[in-house]
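Okay, so here's the structure we're looking at.
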Amino acid sequence: QVQLVESGGGLVQPGGSLRLSCAASGSIFESNTMGWYRQAPGKQRELVAVITSGGYTNYADSAKGRFTISRDNAKDTVYLQMNSLKPEDTAVYYCLLDFHGMDHWGKGTLVTVSS
């Protein structure tokens, strides 16, 4: 069974930074994709960024230039460094782990960008 535990969310002022972390545990196939999605109130869940175990990354247009995704394969942990945060980045951020065509999700961590 796979477990994903997110941390690092919170309240930040516009222009500020946050770093999210997601640690995976359980039976994890070595070749996988990890990443972050978010869901704002009243909106659908959307991609933020993903990274493969080989280091290939893909970002949503809204994240390019402001967010950086990285991972530590030895720790099965993915990070999301978020800079220049905007009020429209306010959402619950969910960690994703995908392998063998199966998606595993964390419970989410709330990010609120407000003055």
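With both labels modelled 7 Å from their Cα along Cα-to-Cβ, the Asp98 to Ile28 distance reads 1.7 nm.
For region 1-97, the solvent-accessible area of protein heavy atoms averages 52 Å² per residue (probe radius 1.4 Å; ligands and nucleic acids excluded). The longest part of the chain holding none of the exposed loop chymotrypsin sites (Phe, Trp or Tyr not before Pro), meaning those outside H, G, I, E and B in DSSP with at most 14 other Cβ atoms within 10 Å, is 57-115. The residues packed around Glu46, meaning those with a beta-carbon under 12 Å from its beta-carbon, carry a net charge of 0 if Lys and Arg are +1 and Asp and Glu are -1.
Using a probe of 1.4 Å on the protein chains alone, the accessible area found for Leu47 is around 50 Å². Other residues within the sphere of radius under 14 Å centred on the Cβ of Leu96, judged by their own Cβ, net out at -1 (K and R +1, D and E -1).
Can you return the aspartates and glutamates within cross-link range of Lys107? Criterion is Cα-Cα under 19 Å, with same-chain partners fewer than 8 residues away left out. Leaving aside aspartates and glutamates fewer than 8 places away in the same chain, those within reach of Lys107 are Glu6, Glu46, Asp76, Asp89, Asp98. Can you send over the carbon and sulfur percentage of the accessible area for the chain, probe radius 1.4 Å, protein chains only? Carbon and sulfur: 47 percent of the exposed surface of the chain.
For an R0 of 25 angstrom, estimate the FRET efficiency from the Cβ-Cβ distance between Ala74 and Leu47 and round to the nearest 0.05.
On the way: r = 26 Å, r/R0 = 1.02.
Plugging the Cβ-Cβ distance into 1/(1 + (r/R0)^6) gives 0.45.
Starting from the Cα of Asn83, move 7 Å in the Cα-to-Cβ direction to define the label point; list residues of region 27-71 whose amide nitrogen is under 16 Å from there. Once the point is set 7 Å along Cα→Cβ of Asn83, 63-70 turn out to lie under 16 Å by backbone N, inside region 27-71. The coefficient of translational diffusion for the chain, derived via Stokes-Einstein from the alpha carbon Kirkwood radius under 4 °C and 1.567 mPa s, stands at 92 µm²/s. Of all DSSP-defined beta bridges confined to the chain, some 95% are antiparallel rather than parallel.
The values are calculated or read from the model by the stated rules, or taken from the named source; none is laboratory data. This is a predicted model, so every value here is computed, not measured. Note that each Cβ is placed from the backbone with ideal geometry, even for glycine, and that neighbours are counted across all protein chains shown. Side chains are part of the model used for accessible areas, which takes the heavy atoms of the whole protein and leaves out ligands, DNA and RNA. Shrake-Rupley method; radii C 1.70, N 1.55, O 1.52, S 1.80 Å.
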